[in-house]
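Undergrad: Okay, handing you the structure first.
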Amino acid sequence: MSLNETDLRAAIAREMPGVRADLGRLIRIPGIAFEGFDHTQVDRSAEAVAELLRGCGLEVQIVRHGGQPAVIGRKAAPPGAPTVLLYAHHDVQPVGDVSLWASDPFEPVERDGRLYGRGAADDKAGVMAHVAALRALGDQLPVGVVVFVEGEEEYGSDSLNDIIAAHTEELRSDVIVIADSGNWDIGRPALTTSLRGLVNLFAEVRVLKSAVHSGMFGGPVPDALMVLSRLLTSLHDDNGEVAVDGLVGREGASVDYPEDRYRHEGGVLDSVKLIGHGTITDRIWTKPAISVLGIDAPRTLEAANALQPTAKAKISVRLAPGDDPKSAYAAIRSHLEKYVPWGAQVEVTLESDGSPCVIDATGPAFEAARAAFTAAWDGAKPVDMGVGGSIPFIATFQELFPQASILVTGVEDPYSGAHGPDESLHLGEFERACLAEALLLQNVAEALTT
């Protein structure tokens, strides 16, 4: 006998204190997959997730294929019922400058209805949304589930394809729910239906064999930082529009994102003019963007009176849906080689890339999701939205499981501050997301059981 909406609301409310406590325990584990960090903490995080899934009655294994540990939990479907894959990741971003945090990044703190801590929103709350739904449904789970919790998503998912290849049959499912995105606003849920791709690369310029005295040689010789600065400015025109030939972009996003809201949510200073043209949603969803993430150069406190022989920048290119990472990298490399000034040498190297994706959000699974979200948000219908960020492995799932409906959901809101200081989770919205997932599993069972 399936649980009705009233029963599920009561079950989620009953489970939330335990879910909150377990989320706090996960946040306290600094599982960072980046090089230079203690990867035994990623192991601890995987073990903690495995324990949570075993507590939900799943058969669980921790797997790795050259990278960080992922967790796979399974529970077989009732006869004729579909199987749903529930994805999240347990690793987190580095915290950056700790002085910018109002509290310890790995000690969860509640303030004004939000829970603060690294991973509170991205994506340990995604893990716990899956756990909450499974706990609420309990022995009356109407579908089969495969819970797949990755351990290096923030570091680029380097070993993910190998994990999927080794466990394809275990992961095969009718519906895939990826809880690693966000909602349109507080009080308004969303399904993510497009994401940009990504190319991260390095550009290093060289002008001298070694550093030389800035007084003795300054003037005729362009220093490397000057060269690099000129090269980076060539990536945009005077209006801030991307000026690299060969990158795909289009206009016509269907959702309006008011500029004042965008500026407020992004913390843009009043004096700063926005760059590019088109609607805000065009510029962050359907057009490419190029950002300079970092520059290797002497710190000002340590800089000698010398011309620098080399300088290096890390450049991030977000690709519009429809673009290809390989051709985009070739385009940006060609541009950098063409526009490096004054005959300086430039070396361009690829760090990582990932494909954009567009999801056809039609069919019974999507209608089941929309009904679940509308109910959980008390009548507020979900927005079909794009996302400027990237989840490259969605394209892998689309290729390997072409018959599966892929639902990209999440627990973040515009104020979550994922990847930045004081990352946080809106606790009221989190409870709605947990309820929505439980209702989704119930609705999918009714829609797809044969």
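Undergrad: Between the range 240-279 and the range 303-359, how far is it from one alpha carbon centroid to the other, in angstrom?
TA: 21
Undergrad: Still on this model: Taking the mean number of other Cβ atoms within 10 Å as a proxy for protection, how do you rank 250-261, 148-159, 348-359 from highest to lowest?
TA: The peptides rank, most packed first, as 148-159, 348-359, 250-261.
Undergrad: Rounded to the nearest 500, what is the chain's calculated 222 nm mean residue ellipticity when only DSSP H runs of at least 4 contribute -39500 (n - 2.57) each, over all residues?
TA: Calculated from helices alone, the mean residue ellipticity at 222 nm is -10000 deg cm²/dmol.
Undergrad: Here are some values of Rg/Rh (Cα atoms, Kirkwood Rh): (1) 1.18; (2) 1.20; (3) 1.01. Which one was computed from this structure?
TA: (3)
Undergrad: By how many nm would the segment from Ser334 to Glu446 lengthen if fully extended, with 0.36 nm per residue of separation less the alpha-carbon distance?
TA: Once the chain is fully extended between Ser334 and Glu446, it gains 35.0 nm.
Undergrad: Next question, about the same structure. Find out how many positive minus negative residues lie around Gln442, taking Lys and Arg as positive, Asp and Glu as negative, among other residues whose Cβ is under 13 Å from that of Gln442. Could the numbers behind the result be given before it?
TA: Working: positive: Arg9; negative: Glu5, Asp7, Glu437, Glu446.
That works out to -3.
Undergrad: With θ set to phi - 60° and the Karplus curve 6.51 cos²θ - 1.76 cosθ + 1.60, what are the ³J(HN,Hα) couplings of the range 265-271 in order, to the nearest whole Hz, using x for Gly and Pro?
TA: Once θ is set to phi - 60°, the couplings for the range 265-271 become 5, x, x, 6, 4, 4, 7 Hz.
Undergrad: Okay, moving on. Count the DSSP beta bridges whose two residues both fall in the chain, then state the antiparallel fraction as a percent rounded to the nearest 5.
TA: Taking every DSSP beta bridge within the chain, about 65 percent pair in antiparallel fashion.
Undergrad: How high is the FRET efficiency between Ala297 and Glu35 when r is their beta carbon distance and R₀ equals 30 Å, given to the nearest 0.05?
TA: Approximately 0.90, to the nearest 0.05.
Undergrad: Of the heavy-atom accessible surface of the range 215-320 (probe 1.4 angstrom), what whole percent is carbon and sulfur?
TA: Exposed carbon and sulfur together represent 51 percent of the surface.
Undergrad: Right, next: What list of ³J(HN,Hα) values in whole Hz, one per residue of the range 193-205 in order, does the Karplus curve 6.51 cos²θ - 1.76 cosθ + 1.60 (θ = phi - 60°) give from phi, with Gly and Pro shown as x?
TA: 10, 8, 9, 6, x, 8, 10, 9, 8, 10, 10, 10, 10
Undergrad: Measuring from label point to label point, each 7 Å out along Cα→Cβ, what is the Glu47 to Asp360 span in nm?
TA: It is 4.6 nm.
Undergrad: Taking all protein chains as present, what is the carbon and sulfur share of the accessible area of the range 24-150, in % to the nearest whole number, probe 1.4 Å?
TA: Numbers: 2230 of 4640 Å².
Ligands and nucleic acids excluded, carbon and sulfur reach 48 percent.
Undergrad: Another question, then. Accessible area of the range 322-450 with a 1.4 Å probe: how many percent of it is carbon plus sulfur?
TA: Carbon and sulfur: 50 percent of the exposed surface of the range 322-450.
Undergrad: Need one number: nm distance between label points at Ala165 and Thr374, each 7 Å from Cα along Cα→Cβ, rounded to one decimal.
TA: 4.4
Undergrad: Just want to confirm a number: the relative contact order over the chain, from Cα pairs under 8 angstrom separated by 6+ residues, in percent.
TA: Computed over the chain, the figure is 25 percent.
Undergrad: Mind checking the per residue accessible area of the chain for me, 1.4 Å probe, whole number of Å²?
TA: Numbers: 19670 Å² over 450 residues.
The answer is 44 Å² per residue.
Undergrad: Oh, and also: Please work out how much length the chain gains when fully extended from Met216 to Ile186, using 0.36 nm per residue of separation minus the C-alpha to C-alpha distance, in nm with one decimal. Numbers along the way, then the final one.
TA: On the way: separation 30, 0.36 × 30 = 10.80 nm, distance 6.01 nm.
Contour length minus Cα-Cα distance gives 4.8 nm.
Undergrad: Report the extension gain between Val255 and His236 in nm, rounded to one decimal, defined as 0.36 nm multiplied by the number of residues separating them, less their alpha carbon distance. Mind showing how you got there, number by number?
TA: Working: separation 19, 0.36 × 19 = 6.84 nm, distance 2.56 nm.
That pair, Val255 and His236, stretches by 4.3 nm at full extension.
The values are calculated or read from the model by the stated rules, or taken from the named source; none is laboratory data. Because the structure is predicted, anything quoted here is derived from the model rather than measured. Using ideal geometry, Cβ is built from the backbone for each residue, glycine included, and neighbour counts are taken over all protein chains shown. Accessible surface is based on the protein model in full, side chains and every heavy atom, while ligands, DNA and RNA are left aside. Shrake-Rupley method; radii C 1.70, N 1.55, O 1.52, S 1.80 Å.
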